[in-house]
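What follows is a set of notes on a single structure, which appears directly below.
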């Protein structure tokens, strides 16, 4: 299963694919193992049925956001390019963001799914 697919940075996951991506990412901020799931785990931890899970995984795999590790159905998170852009957080009474990334500078990242008060380095 050694295939190398470029990440499609223009791909926009639908709601079902977002749910699956969320499950891939569970545990990454806590130090717990994360990033690998199989279709059964995804079905058991969501309201998606087998066909919906398989379709979403196929789309995410074709976009290069996940890869299939083995023929047994293990998938691994590769990248979510929406998280690759750097956003500078400025505090001026409240949190604001500047949409101009500053390369090679220590900045805080803001993830789309998190409210601004949950920024972390």
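The values are calculated or read from the model by the stated rules, or taken from the named source; none is laboratory data. All figures in this text were calculated on a predicted structure; none of them were measured in a lab. We place every Cβ from the backbone using ideal geometry, glycine too, and count neighbours over all the protein chains shown.
Apart from one condition, residue 111 fits all of (1) at pLDDT 50 or above; (2) within 19 Å of residue 29 (Cα to Cα); (3) in contact with a helix residue (DSSP H, G or I) (Cβ under 8 Å, 6 or more places away or on another chain); the exception is (1).
Scanning the stretch 22-48 for residues that are touching a helix residue (DSSP H, G or I) at 6+ places or on another chain (Cβ under 7 Å) and in contact (Cβ under 8 Å) with a residue 40 or more places away in the chain returns 34, 35. If only residues of the stretch 59-71 that are under 19 Å from residue 82 (Cα atoms) and out of contact with any helix residue (DSSP H, G or I) (no Cβ under 8 Å at 6 or more places or on another chain) are counted, the one that is surrounded by the fewest Cβ atoms within 10 Å (Cβ to Cβ) is 62. Candidates are the residues of the stretch 1-31 that are more than 26 Å from residue 49 (Cα to Cα) and in the same structural domain as residue 50 (by TED's automatic domain parsing); the one that is modelled with the lowest pLDDT is 31. Of the residues making up the stretch 14-32, those that are touching a strand residue (DSSP E or B) at 6+ places or on another chain (Cβ under 9 Å) and either assigned to a helix (DSSP H, G or I) or under 13 Å from residue 65 (Cα atoms) (or both) are 20, 21, 23, 24, 25.
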